[in-house]
Amino acid sequence: MYAERPRIVIAGGGLAGLSLALALKHALRDGLDVVMCDPALKRDPHGDKRAYAVAAAARRMLTALGVWDQVAPEAQPMLDMVITDSRLTDPVRPTFLTFEGDVGEGEPFAHMITAGDLTGALVEACAAAGVILKAEAVRGFSARPARIDVLLGDGELSAALLVAADGARSKLREQAGIGWISWPYNQSGIVATISHERDHEGRAVEHFLPSGPFAILPLKPETQPDGSVKHRSSIVWSERNDTVAALLDAHPEDQLAELERRFGLQLGKIAFETRPQAFPLSFGIARSFVGERIALLGDAAHVIHPIAGQGLNLGLHDAAALAETIVDALRLGMDPGGADVLDGYERARRADITAMGVMTDGLNRLFSNDILPVRLIRDLGLGLVDRMPGLKRFFIREAAGLRDRDTPRLLRGEGL
């Protein structure tokens, strides 16, 4: 039996780490100490204007944790999705596949929300729940049979478990000796917020172009001081690496012209609301998601192509699975950092993440080319799916994270 009052240290205050911290305190309250360590906690999180798609299952989790109602007024539901496949020079982009956005009565399959709104709500909820927030980095650790000693800037903490949520270049993963399998894509993802003349009506659009997918994701409109409404969308623009530098260095008018070629005219006049930023795209997965008294979470465990918009949702799925594993173990009197407990987390996540990684890698390779026979086959496949309602419902539920197989309780909207 695990007799000591347990302590969990989480290194990394991103959305996955914060969600895990809140889930643990929400379930066990005074029965567990949770310490969140990240230098970024010094900064105001509300300034982060990056936009994320929160799938329906993740929204159910955030609802169960008491966070969603705070951010819902700023969230934009995705009401439907349109998929096209064409060349950049094609005068018309025919629609090959459409999805209606509801997975249940009045429940969209996803919402768009800015990172700042969601991070700010999670930080406030963690503080209110009693999570210890330390604005400093974890510098290292020393794992022992019965505990792990975590080195901070102002001393050491002993814990039952260290959770490494410190990103794709995780130093803690490296220190734990956990291998990393990865390969780069010859692409970068350009992200920006766009204002446009007409209402997007909650529609998401994904154009498959030879250089990579170009996604238009609806954001909540903003009411201006004069009473007018600013319509906004987020773009995720995948482009070959050899052209990215020229695009980012181009004159703003030239950047806008390139954007218009991809964005189209369906939403009227467009403009950059935020400066476009580029991030190199790659695939990566840890050889193990656990080590001796350490568990990997989010990007520290896996990185996938953004073609399906599932990066954040995989991280929140990790948080739900790890929280459930830890809470169930402690209620049974087990050591939450023990190898048998951590193996349960590994089993819960390995197959799902591997399958999602294979799918996104395959989709990117299938659609990011201009080989005519391949284009004909994939367009035929999209058209067939569009004519099969049952298969479309399956895909939309998968995108929403509403899988029947071994779904953690939080993602079903149930408490721990």
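Tabulated data for the structure shown
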read-out: Candidate set from region 15-28 (those that are surrounded by 24 or more Cβ atoms within 10 Å (Cβ to Cβ) and out of contact with any strand residue (DSSP E or B) (no Cβ under 9 Å at 6 or more places or on another chain)); member that is farthest from Gly66 (Cα to Cα); value: Ala16
read-out: Qualifying residues in region 284-301 (those that are in a helix (DSSP H, G or I) and at negative phi) - the one surrounded by the fewest Cβ atoms within 10 Å (Cβ to Cβ); value: Asp299
read-out: Options Gly337, Gly315: the member that is at pLDDT 95 or above, in a loop (DSSP other than H, G, I, E, B) and either more than 23 Å from Ser282 (Cβ to Cβ) or under 22 Å from the mean Cα position of the chain (by Cα) (or both); value: Gly337
read-out: Filter result for Arg365 (among the basic types (Lys, Arg) and either over 29 Å from Ile148 (Cβ atoms) or under 15 Å from the mean Cα position of the chain (by Cα) (or both)); value: yes
read-out: Residue among Asp90, Asp85, Asp80, Asp117 that alone is touching a strand residue (DSSP E or B) at 6+ places or on another chain (Cβ under 6 Å), farther than 15 Å from Arg393 by Cα and of a type outside the set (Val, Ile, Thr); value: Asp85
read-out: Number of the exception - Ile113 against (1) surrounded by 21 or more Cβ atoms within 10 Å (Cβ to Cβ); (2) at pLDDT below 95; (3) of a type in the set (A, V, I, L, M); value: (2)
read-out: Spans of strands (runs of 3 or more DSSP E) in region 9-110 with at least 1 residues without any contact (Cβ under 8 Å) to a residue 24 or more places away in the chain and either more than 17 Å from the chain's Cα centre (by Cα) or under 29 Å from Leu330 (Cβ atoms) (or both); value: 95-100, 102-104
read-out: Check on Ile304, crowded, with 21+ Cβ neighbours inside 10 Å, β-branched (Val, Ile, Thr) and in contact (Cβ under 8 Å) with a residue 60 or more places away in the chain; value: no
read-out: Close pairs from region 256-278: first surrounded by 13 or more Cβ atoms within 10 Å (Cβ to Cβ), partner charged (D, E, K, R) and at pLDDT below 95, Cβ under 6 Å, at least 6 apart; value: Thr274/Lys49
read-out: The lone exception for Asp318 - which of (1) buried (at least 22 other Cβ atoms within 10 Å of the Cβ); (2) within 15 Å of Gly189 (Cα to Cα); (3) of a type in the set (D, E, K, R) it fails; value: (2)
read-out: Members of region 386-416 that are among the aliphatic types (A, V, I, L, M) and either surrounded by 16 or more Cβ atoms within 10 Å (Cβ to Cβ) or at pLDDT 70 or above (or both); value: Met388, Ile396, Ala399, Ala400, Leu402, Leu410, Leu411, Leu416
read-out: Leu151, sole failed condition from (1) of a type outside the set (Phe, Trp, Tyr); (2) touching a helix residue (DSSP H, G or I) at 6+ places or on another chain (Cβ under 8 Å); (3) at pLDDT 95 or above; (4) not in a helix (DSSP H, G or I); value: (2)
read-out: Among (1) in contact (Cβ under 8 Å) with a residue 24 or more places away in the chain; (2) out of contact with any Phe, Trp or Tyr (no Cβ under 9 Å at 6 or more places or on another chain), the one test that Asn241 misses; value: (2)
read-out: Considering residues of region 127-155 that are farther than 19 Å from Gly13 by Cα and among the aliphatic types (A, V, I, L, M) only, the residue surrounded by the fewest Cβ atoms within 10 Å (Cβ to Cβ); value: Ala146
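Rundown of residues vs (1) out of contact with any helix residue (DSSP H, G or I) (no Cβ under 7 Å at 6 or more places or on another chain); (2) buried (at least 20 other Cβ atoms within 10 Å of the Cβ); (3) of a type in the set (Phe, Trp, Tyr); (4) closer than 23 Å to Leu118 by Cα, yes/no style:
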| residue | (1), (2), (3), (4) |
| --- | --- |
| Ile181 | yes, no, no, no |
| Phe214 | no, yes, yes, no |
| Ser238 | yes, yes, no, no |
| Thr243 | yes, no, no, no |
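The values are calculated or read from the model by the stated rules, or taken from the named source; none is laboratory data. What you see is a predicted model, and the numbers here were worked out from it, not measured in a lab. Here Cβ is always computed from backbone atoms with ideal geometry, including for glycine, and neighbour counts include all displayed protein chains.
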